[in-house]
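Here's the structure we're looking at; comments come further down.
The values are calculated or read from the model by the stated rules, or taken from the named source; none is laboratory data. Fair warning: this is a prediction, and the values are worked out from it, not measured in the lab. All Cβ positions, glycine included, derive from the backbone under ideal geometry; neighbour counts span all protein chains shown. Only protein heavy atoms, including side chains, enter the accessible area calculation; ligands, DNA and RNA are left aside. Shrake-Rupley method; radii C 1.70, N 1.55, O 1.52, S 1.80 Å.
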Amino acid sequence: MAQSKLSADRRGWPFYALGAVFVAYVVFLYGPMVCIYLLSFQGPQGGLSFPMRGVSLHWFDQLIEQGDTGDLMGALSRSIPLALIVMALTVLISLAGGLAFRSRFPGSGTLFYLVIASLVAPGYVLSIGIGLMFQMFGFETNWYTSALGAQLSWTLPFGLLIMFAIFGRFSRSYEEASRDLGANQLQTMWLVVVPILLPGMIAVALFGFTLSYDEFARTLQTTGSTNTVPIEIWSMTQNVTSPSIYALGTLTTGLSFVVIGVSLGAIALIQRRRLGSVAGQE
Amino acid sequence: MDIETLVPMNASTATGRGAVELAGIVKRYADGTLAVDGINLRIASGTYCCLLGPSGCGKTTMLRMIAGHETPSDGEILIDGGNVVGLSPRERGTAMMFQSYALFPHLNVRDNVAFTLRVRGIGKAERYREADRVIEQVQLTELAQRLPAQLSGGQQQRVALARAIITRPRVLLLDEPLSALDEFLRLQMRSELRELQRQLGITFIHVTHTQLEAVAVADQVVVMDRGHVVQSDPARTVYAEPRSAYVARFMGGQNVLAGKLESVADGLATLRDAAGRGFALRVGGAVRATGQRLQFSVRRDHVRIAKLAGATVPPLNAVVGLVRAVEYQGTFVKVTLTLDAAAAEDDPFVAYVEEGDYFAGPIGIADRAVAWWEMDEMHALAAE
């Protein structure tokens, strides 16, 4: 009796198996990242691999000076506005879609599968298709036209799926109550629906921004003659053989963290403000 | 308490006191189901009315149509004589309190209550002054800065009430207002609702599936079944004189029995049931044919019961059965009998025995017992 109870308390092999999977995950995710961050601070005499020959900001310097390693600043000046536009459109369109999909309408099932199919379609093939189509109609491919469309085909399904999850917890009675209290549709949307859904909308915005900023496959054939950041990095890996490439990795990761930090900070601020009014009272 | 000094917020609320009339209301959904099937109902102004029925009987649909959140497929809804179908809740002068209260989670108590004034374009100072006054009326002044999530169920309900009454509606619609509360709060809020209705003098329409809640608060109890109104009467009438076996069973507190009519003379009918038991009761002026099946009800608390051993069984208006369950209920004891020769679908017979009487001569499970009653305690039911 006591024996069997003891063995029941002992951790079984699934614990160690799952533990091993987790350790492997952490090593594969953070190991390479740490290597790249470290090597980006390589000394001026250092190479592309360990050991470090001193510590410097030399390669960051090299990176910023255009010409030597490629047009990173130019790429950033396209990628950031593009990511912001994609973010705004993703939030707006998936909010509207989420509102619409709360009730069944003729063709709602088909429409849903059409949207979701875009997640399954291979991005690179889609990218070639969009490129070809623009060529056929004689439009110039550009980051703010063809690339924007290609990226939205990727971010909108995600945004919509997140919105479904958000609306799953959103009761219609809020809108009915608002209407009951005399609010018109615009007031209901602005004073009730949007504030309640705001944290979820920020999550969608964050998704839209990072998916766009990081998007490669769908952008490769649609961005035209000027590159976005991932494509610029990819083309640098083809011809740059200095730690500048690592410096670039460190910089872009830093930017991603800034975006995530700002978003989470905004969510925390909203919650603090909502609770803060109470703290002031007590 | 100073509701009369509240500024009327729109013209419609200033006139009338909320007489509601439903004429031939039908609600048919797209898939063809009839939620409400031809309801005619009159609710006098200043009445506390309960719509009572099991889930799915159409009572909430009815309420939502009066509120203007659903449109009837057919029929008219009149408030103080004017047809309001197609009007917004604000134009109707109604306000609704939702089942889950639907308090806006991002607004504090004061902003929730002031919401309706805000969307009507009333300035901050004025709307907060009005809100604070109503918040005081529901005794929530200390909690005015709290968010709904930081309030208890009872406090949330008061916020919902304050939010609904701030513009002095003619009709306040309450969808299962007490269902989210625990038993103790339910009883407390029930009397507060009744008191508030008395103070405001407006019409309250309150949807519930709890019989005791309805008879406790309402002037008028409307019993519904499958989209129809089966009885609309003062609370006491619905409880003591149910119109049909459905109402008698649903309201509870009644035994429903039946027999074939043997004779009718001078409004006095004699019946005999399948087991050979004889009953006699007054049936009023209605014309009835012998051989017809007639159902009647007997109040459970107006039945006397004794062990069969040593008792004489009266020839009329008495039943004999086996005691199946005895439940102590505090002020009375519930004794459940399975009657002799009972069919499987028959209801068990229940007697509520006053506590003192029961313990003077207790009856145990598996005892055989006789239950009898006076003819005046019997009430003939309409055929369904």
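Numbers for the structure displayed
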item: Span-rule helices in chain A, defined as complete DSSP H runs reaching 24 Å or more along the axis (Cα) with Kyte mean at least 0.0; result: A:13-40, A:72-100, A:146-168, A:194-214, A:244-281
item: Residue (of A:THR210, B:PHE279, B:PHE250) at the positive-pole extreme of the protein assembly as shown, dipole from beta-carbon charges; result: A:THR210
item: Full-extension gain in nm, B:ARG324 to B:ARG293, via 0.36 nm per residue minus C-alpha separation; result: 8.4 nm
item: Distance from segment B:245-274 to segment B:175-227 (C-alpha centre basis), Å; result: 31 Å
item: Angle between chain B longest axis and helix B:183-200 axis [Cα atoms, degrees, rounded to 10]; result: 60 degrees
item: Area of B:LYS260 that stays accessible when all protein chains are in place (1.4 Å probe, Å², to 10); result: 120 Å²
item: Cβ-derived FRET efficiency at R0 51 Å, B:SER152 paired with A:LEU255, nearest 0.05; result: 0.65
item: B:ASP301-A:LEU186 FRET efficiency (beta carbon distance; Förster radius 60 Å; 0.05 resolution); result: 0.55
item: For the protein assembly as shown, alpha-carbon Rg relative to the globular expectation (2.2 N^0.38 Å, N residues); result: 1.40
item: DSSP beta bridges in chain B [antiparallel fraction, %, rounded to 5]; result: 75 percent
item: Distance between segment A:102-134 and segment B:331-384 - C-alpha centres, whole angstrom; result: 69 Å
item: Solvent-accessible area of A:MET133 with every protein chain in place, 1.4 Å probe, in Å² to the nearest 10; result: 90 Å²
item: Number of partner chain Cβ atoms within 10 Å, mean per residue of B:323-331; result: 0
item: Loop sites in segment A:28-107: trypsin sites (Lys or Arg not before Pro), DSSP, at most 16 other Cβ within 10 Å; result: A:ARG53, A:ARG102, A:ARG104
item: Order of exposure, largest accessible area first, which applies to A:ARG272, A:ARG169, B:ARG146, B:ARG118 with probe 1.4 Å; result: A:ARG169, A:ARG272, B:ARG118, B:ARG146
item: Computed over segment B:140-239, Kirkwood Rh from alpha-carbon pairs, angstrom; result: 14.8 Å
item: Space enclosed by the convex hull of the alpha-carbon atoms of segment A:72-237, per residue, Å³; result: 134 Å³
item: Protein-protein interface of segment B:93-110, residues with accessible area decrease of at least 20 Å², isolated chain reference, 1.4 Å probe; result: B:PHE98, B:ALA102, B:PHE104, B:PRO105, B:HIS106
item: Using a Förster distance of 51 Å, the FRET efficiency for B:SER45-A:ILE267 (Cβ separation, nearest 0.05); result: 0.55
item: DSSP bridge pairs, the protein assembly as shown: antiparallel proportion in percent, nearest 5; result: 75 percent
item: Those lysines that a straight Cα-Cα span of less than 23 Å connects to B:LYS27, excepting residues fewer than 8 apart in one chain; result: B:LYS59
item: Aspartates and glutamates whose Cα lies under 15 Å from that of B:LYS307, excluding same-chain neighbours fewer than 8 positions away; result: B:ASP340, B:ASP357, B:ASP367
item: Long-range Cα-Cα pairs in segment B:245-380 (distance over 25 Å), rounded percent; result: 25 percent
item: Dipole magnitude (debye, nearest 20) for the protein assembly as shown, charges at Cβ of Lys, Arg, Asp, Glu; result: 140 debye
item: Solvent accessible area, Å² - A:LEU18, 1.4 Å probe, full protein context; result: 120 Å²
item: In degrees, nearest ten, helix B:153-165 long axis to first principal axis of chain B (Cα); result: 60 degrees
item: Potential extension, B:ILE365-B:GLU142 segment - 0.36 nm per residue separation minus Cα distance; result: 74.8 nm
item: Length added when fully stretched, A:LEU29-A:ALA117, from 0.36 nm per residue minus Cα-Cα; result: 28.8 nm
item: Acute angle (nearest 10 degrees) that the helix B:109-119 long axis makes with the longest principal axis of chain B, alpha-carbon atoms; result: 70 degrees
item: For segment B:3-240, size of Cβ-based charge dipole, Lys and Arg +1, Asp and Glu -1, in debye; result: 520 debye
item: Using θ = phi - 60° and Karplus 6.51 cos²θ - 1.76 cosθ + 1.60, couplings along segment B:133-146 (whole Hz; Gly, Pro as x); result: 5, 6, 4, 5, 4, 9, 6, 10, 3, 5, 9, 4, 8, 7
item: Debye-sum result for chain B in log10 I(q)/I(0), which assumes one identical scatterer on each alpha carbon, at q = 0.15 Å⁻¹; result: -1.23
